[in-house]
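The values are calculated or read from the model by the stated rules, or taken from the named source; none is laboratory data. Not measured: the values here are computed from a predicted model. Glycine gets a Cβ as well: all are built from the backbone with ideal geometry, and neighbour counts include every protein chain shown.
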Amino acid sequence: MGAKTGRMTVIMRTFLVFSLLALAAAAPCWGQNGLGDLTRQKTYESRRESSANPDLGKNGDAQHVDIGGTLTLMDADGPGIITHFWNTLGSYDPWAARSLVLRIYYDGNQKPSVESPLGDFFGVGFAAPKDFSSSPVAVSSRGRARTCYWHIPFRKHIKITLANESTEQDLDSFYYYIDWQKHETLPEDTAYFHARYRQASPAQPGRYLLLDTQGQGHYAGTVYSAMQMETGWFGEGDDFFFIDGAEQPQFRGTGTEDYFCDAWGFREFATPYYGVTEYEGVLTGDRVSAYRWHIQDPIAFKKSLRVEIEHRGSIFNDKGTLANFELGGFEERADWVSSVAFWYQYPPATWDEPLPPAAKRIPPYRLIPADKLVYRAKPDLLVLPQKPFLAYVPNTPEASIEFDFDLEKDGRYRLDAILLYSMMCGMFQPFLDGKKLGGPLNCVIEGYDPVWVPLEIHDLSAGKHTLRFEGLKEESPNRRAVGPYFYMFGIAGISILRLDDMDGFQQTMRRLLEERKAPQ
């Protein structure tokens, strides 16, 4: 009996020790950012910078940014820590999230320590209008509302700007909140938040560089995007982390999707610390964006850090026969790749290399806006050509509207349409030159939103082509019995991307691979 009681006492004491150790290990996360932290009194002053109208009795709270202009979002003395940044924008530019650049300057530095297109900083490349939710970053409202909870400390001073680097469109409206804490002091070991955008259009032979920095700190995350310029799977490349000048990487990856904690290819999904915000497929012109936050597993460095990733994968000749369909399974690919590296370090890092201009950050789409579209409608009852949409209101499902566009060269083209989705809209079947494109488009939702709609890839000849949308009699399955039903069709523009204009290295690669695969 006594021996049994002794054993039970040892077991209970062991359980208690391990429980205390577990609580101690969890305490930093729970105490600093969890619900438990709400029980502690705060010693800082709570502050906010925002776009609010100085006249509190007025509702005009947005800021306008001219072409080439820069808006200062925050200019404040420290010590302080930004804990929340929300923003949304209104623009006729479908690529505004790539044209707008966010920059953060610390402690009087003339060069930024954060520099990135707005959309990429918030987890989505190529200005794609996608929603997702993760631990530090979330996007909603069909890609228009962006929020982050990165902690951004500064000792002496901080300046945050938003530059409109578009050469064609003003930024009509920008709303924002920046919530921060004014402290008496910051701990001596406080590291500064950094984010840097890079791109290669197209990727060159060798590994793609995500980050190369000097100092002491820890790596906090990656946003990686690719526009695929070959049919196939782009993600066989491995990631490599070289810490403190090591000749061999201490971190060696096993595949692109593996680094982003996925497997066997990609698909869209979101978790607190990793996910894929955009995945269109494996065809030429398809886009992909993925994120990986190293919040639970930061990668520490004392002197330097260099992060690289291969851009290798399979390449298929989608114009060939089965005999030469697969050109390679682990080949260099010449996709358009871009990235944002996130990290903390001290002292603050800056760089001399400027961002590529906005025109180079955006693939060479040709956008025909709504007010430039030439249309024919049947019945031609009510067509309202007004920015940003051309709205067709036939009051009957038995209607159609078509648009002509001209191509200067034969080639392979990707077509997209920016359509209006609303409770007043109907269902439409798209056609190109009389040929049906996919299935019906259900444009009925309770909101009033623009939607980027892919219209497939086509081999087209030079000259005139016609894109037609025919109304369908069938009732939309998501229509509610509220509001008027006008069977409306709204379009903001048609996007045309000539994929042959983006050949260069990838076409040379295809030729060399085809020669290698050809029978001797």
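With the condition being in contact (Cβ under 8 Å) with a residue 24 or more places away in the chain and not hydrophobic (A, V, I, L, M, F, W, C), I'd like the strands (runs of 3 or more DSSP E) fully within the stretch 113-228 carrying at least 1 qualifying residues. Write out each step before concluding.
Details: elements: 114-117, 137-140, 145-148, 152-154, 157-164, 171-182, 192-200, 208-214, 216-227.
Answer list for the stretch 113-228: 114-117, 145-148, 152-154, 157-164, 171-182, 192-200, 208-214, 216-227.
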Q: Sort through E308, E278, E331 and tell me the only one that's at pLDDT 95 or above, acidic (D, E), more than 23 Å from A128 (Cβ to Cβ) and assigned to a strand (DSSP E or B).
A: E308
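Residue-by-condition table, conditions (1) farther than 30 Å from Y365 by Cα; (2) under 24 Å from the mean Cα position of the chain (by Cα); (3) modelled with pLDDT under 95:
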residue: L162; (1), (2), (3): no, yes, no
residue: A191; (1), (2), (3): yes, no, no
residue: R198; (1), (2), (3): no, yes, no
residue: A203; (1), (2), (3): no, yes, yes
Q) Can you pull out the residues in the stretch 428-439 that are surrounded by 16 or more Cβ atoms within 10 Å (Cβ to Cβ) and over 23 Å from R287 (Cβ atoms)? A) F428, Q429, F431
(Q) Looking at the stretch 274-282, can you tell me whether even one residue there is surrounded by 15 or more Cβ atoms within 10 Å (Cβ to Cβ), farther than 30 Å from D500 by Cα and not charged (D, E, K, R)? (A) yes
Q.
I need a count of the residues in the stretch 454-477 that are at pLDDT 90 or above, part of a loop (DSSP other than H, G, I, E, B) and either of a type in the set (D, E) or surrounded by 13 or more Cβ atoms within 10 Å (Cβ to Cβ) (or both).
A. 1
Q: From A341, A370, grab the single residue that is buried (at least 19 other Cβ atoms within 10 Å of the Cβ) and in the same structural domain as F405 (by TED's automatic domain parsing).
A: A370
Q. How many of the residues making up the stretch 89-112 are buried (at least 24 other Cβ atoms within 10 Å of the Cβ), under 20 Å from the mean Cα position of the chain (by Cα) and among the hydroxyl-bearing types (S, T, Y)?
A. 1
Q) If the Cβ limit is 8 Å and pairs must be 6+ apart or interchain, which residue in the stretch 444-465 that is in the same structural domain as L420 (by TED's automatic domain parsing) pairs with which residue that is among the polar types (S, T, N, Q) and assigned to a strand (DSSP E or B)? A) V444/S422; I445/S422; G447/S422; Y448/S422; D449/S422
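Listed residues V444, V451; which is out of contact with any Asp or Glu (no Cβ under 6 Å at 6 or more places or on another chain), of a type in the set (V, I, T), at pLDDT below 95 and surrounded by 20 or more Cβ atoms within 10 Å (Cβ to Cβ)?
Numbers: V451 fails: surrounded by 20 or more Cβ atoms within 10 Å (Cβ to Cβ).
Unique residue meeting the criteria: V444.
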Q) Here are some residues: R306, R333. Which one is over 25 Å from F122 (Cα atoms) and crowded, with 16+ Cβ neighbours inside 10 Å? A) R333
Q | Condition met for Q228 (surrounded by fewer than 20 Cβ atoms within 10 Å (Cβ to Cβ) and either assigned by TED's automatic domain parsing to the domain that holds G313 or modelled with pLDDT under 95 (or both)) | A | no
Q) How many residues does the stretch 409-420 contain that are touching a Lys or Arg at 6+ places or on another chain (Cβ under 9 Å) and either closer than 20 Å to F389 by Cα or surrounded by fewer than 17 Cβ atoms within 10 Å (Cβ to Cβ) (or both)? A) 2
**Q.** Residues of the stretch 401-443 satisfying the condition of being part of a loop (DSSP other than H, G, I, E, B) and of a type in the set (A, V, I, L, M, F, W, C)
**A.** M423, M424, L437, C443
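Say whether the condition of being within 19 Å of E474 (Cα to Cα) and either β-branched (V, I, T) or within 26 Å of the chain's Cα centre (by Cα) (or both) is met by at least one residue in the stretch 389-396.
Looking through the stretch 389-396, at least one residue is within 19 Å of E474 (Cα to Cα) and either β-branched (V, I, T) or within 26 Å of the chain's Cα centre (by Cα) (or both).
For every residue, the table says whether it meets (1) closer than 20 Å to Y208 by Cβ; (2) of a type in the set (G, A, S).
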residue: E230; (1), (2): yes, no
residue: F241; (1), (2): yes, no
residue: D244; (1), (2): no, no
residue: Q248; (1), (2): yes, no
residue: A263; (1), (2): no, yes
residue: E278; (1), (2): yes, no
residue: R287; (1), (2): yes, no
residue: I295; (1), (2): no, no
**Q.** Residue list for the stretch 53-103, restricted to those being touching a residue at least 40 places away in the same chain (Cβ under 8 Å), over 30 Å from P364 (Cβ atoms) and of a type in the set (A, V, I, L, M)
**A.** A62, L73, M74, A76, I81, I82
Q. If you go through the stretch 253-273 one residue at a time, do you hit one that is over 18 Å from the mean Cα position of the chain (by Cα) and in contact (Cβ under 8 Å) with a residue 60 or more places away in the chain?
A. no
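Across the stretch 171-181, which residue is surrounded by the fewest Cβ atoms within 10 Å (Cβ to Cβ) among those that are in contact with a Phe, Trp or Tyr (Cβ under 6 Å, 6 or more places away or on another chain) and of a type outside the set (A, V, I, L, M)?
Here is the first cut: in the stretch 171-181, the residues in contact with a Phe, Trp or Tyr (Cβ under 6 Å, 6 or more places away or on another chain) are 177-178, 181.
Of the ones still in play, those that are also of a type outside the set (A, V, I, L, M) are 177, 181.
Values: Y177: 15, Q181: 17.
Within the stretch 171-181, the match that is surrounded by the fewest Cβ atoms within 10 Å (Cβ to Cβ) is Y177.
I need a count of the residues in the stretch 364-393 that are part of a helix (DSSP H, G or I) and charged (D, E, K, R). Break it down into steps so the answer makes sense when it comes.
Residues of the stretch 364-393 that are part of a helix (DSSP H, G or I), as a first pass: 370-372.
Restricting the remaining residues to those that are charged (D, E, K, R) gives 371-372.
Counting residues in the stretch 364-393 that are part of a helix (DSSP H, G or I) and charged (D, E, K, R) gives 2.
Tell me the strands (runs of 3 or more DSSP E) entirely within the stretch 1-87 that contain at least 2 residues that are among the basic types (K, R), at pLDDT 95 or above and closer than 21 Å to R146 by Cβ. Before you say what the answer is, go through the steps one by one.
Values: elements: 45-50, 63-65, 70-77.
Counting at least 2 such residues, we get 45-50.
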